[in-house]
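J.: Could you have a look at this structure, given as structure tokens, before my questions?
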Amino acid sequence: MIVTIDGPAGAGKSSAARALAKRLGFRFLDTGAMYRAVVHAAIERGVSLEDADVLEQVAANLDIQLTDDSVVVDGRDVTRLIRTQAITTATKYAADHPGIRAHLVELQRAAATGQDFVTEGRDQGTIVFPDAKCKVFLTASERLRAERRFHDLVSRGEEITFEEVVEKQRQRDERDATRPVGALIQADDAVELSTDGMSPEEVVDRLYEIVEQRRNV
Ligand code: DC
């Protein structure tokens with residue numbers, strides 16, 4: 001069974017999807033981490049992010065290993081390194097690149113072969129797994145999403161103001177919604193869940209119920 005969880009940045013997808021996968025005993029795939037890993041590797045190699053061909057080469061030659069809670073690229077643990085604001089902003093170079101998207105989509109499908117899976121991103125229910133048995137579109141208000149992201153960044157020691165986070169989030173929302181390939185669109189058959197006013201535990205409980213309902217269809 002494949003469960004897709006798509007939605008905008010800061011809706012709480014990663015932590016909810018990870019906890020849901022654990023409760024179900026399913027594997028978990030954080031697809032945003034793959035886009036982040038490509039950009040992080042390119043920056044480390046001193047490659048210009050604007051050179052689309054070289055960036056595609058970097059992506060094609062990377063060994064990205066995702067476990068349920070770590071991201072290992074070419075044998076090095078980059079789990080924390082790919083979560084900085086600088087990488088978040090630069091990830092657009094990989095996410096907007098049709099060739100890189102095609103490559104990562106292939107890896108995502110390969111990862112899910114023959115396994116029960118919870119996968120999280122922007123295009124999982126629409127492009128990557130259009131036949132998934134259970135699709136969720138997770139949202140939250142702009143303010144709540146920005147608050148989450150702000151607290152997350154501050155706890156990681158980044159110096160950033162709340163207003164900057166809101167502004168960057170707006171830019172990212174706009175980009176995610178309008179990218180020609182892999183845009184964030186709610187699948188027709190996705191269940192929409194707004195997490196406003198819900199505790200993390202309530203979100204996972206509700207997701208679990210949604211999966212159970214779909215499982216029995
Ligand atoms: O979910 P995240 O913040 O880790 O995602 C990082 C960026 O990657 C985000 O701006 C959108 C992009 N992304 C994407 O285009 N497609 C996905 N399946 C996952 C993420």
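J.: Residues in the stretch 138-145: is at least one open to solvent by 30 Å² or more (accessible area, probe 1.4 Å), over 21 Å from Ser15 (Cα atoms), in contact (Cβ under 8 Å) with a residue 60 or more places away in the chain and not hydroxyl-bearing (Ser, Thr, Tyr)?
T.: no
J.: I'd like the full set of residues that are β-branched (Val, Ile, Thr) and in contact with a helix residue (DSSP H, G or I) (Cβ under 7 Å, 6 or more places away or on another chain), limited to the stretch 171-217.
T.: Val181, Ile185, Val191, Thr195, Val203, Val204, Val211
J.: So which residues in the stretch 187-205 are within 12 Å of Ser15 (Cβ to Cβ) and open to solvent by 70 Å² or more (accessible area, probe 1.4 Å), if there are any at all?
T.: The answer is Pro200, Glu201.
J.: Related question: Hey, does the stretch 170-182 have a residue that's outside any helix (DSSP H, G or I) and within 18 Å of Phe129 (Cβ to Cβ)? Before the answer, list the steps.
T.: First, the residues of the stretch 170-182 that are outside any helix (DSSP H, G or I): 179-182.
Keeping just the survivors that are within 18 Å of Phe129 (Cβ to Cβ) gives 181-182.
Yes, some residue in the stretch 170-182 is outside any helix (DSSP H, G or I) and within 18 Å of Phe129 (Cβ to Cβ).
Condition check ((1) in contact with a Gly (Cβ under 9 Å, 6 or more places away or on another chain); (2) modelled with pLDDT of 95 or more; (3) within 10 Å of the ligand (Cβ to nearest atom); (4) under 27 Å from Arg145 (Cβ atoms)) across all residues:
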position	(1), (2), (3), (4)
Asp6	yes, yes, yes, yes
Ala9	yes, no, yes, yes
Ala16	no, yes, no, yes
Ala21	no, yes, no, yes
His40	no, yes, no, yes
Ala52	yes, yes, no, no
Ile64	no, yes, no, yes
Arg83	no, no, yes, yes
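The values are calculated or read from the model by the stated rules, or taken from the named source; none is laboratory data. Worth saying up front: this structure is predicted, and the values here are computed from it rather than measured. Cβ sites come from the backbone with ideal geometry, for glycine too, and all protein chains shown count toward neighbours. The area values use the complete protein model at the heavy-atom level, side chains included, leaving out ligands, DNA and RNA. Shrake-Rupley method; radii C 1.70, N 1.55, O 1.52, S 1.80 Å.
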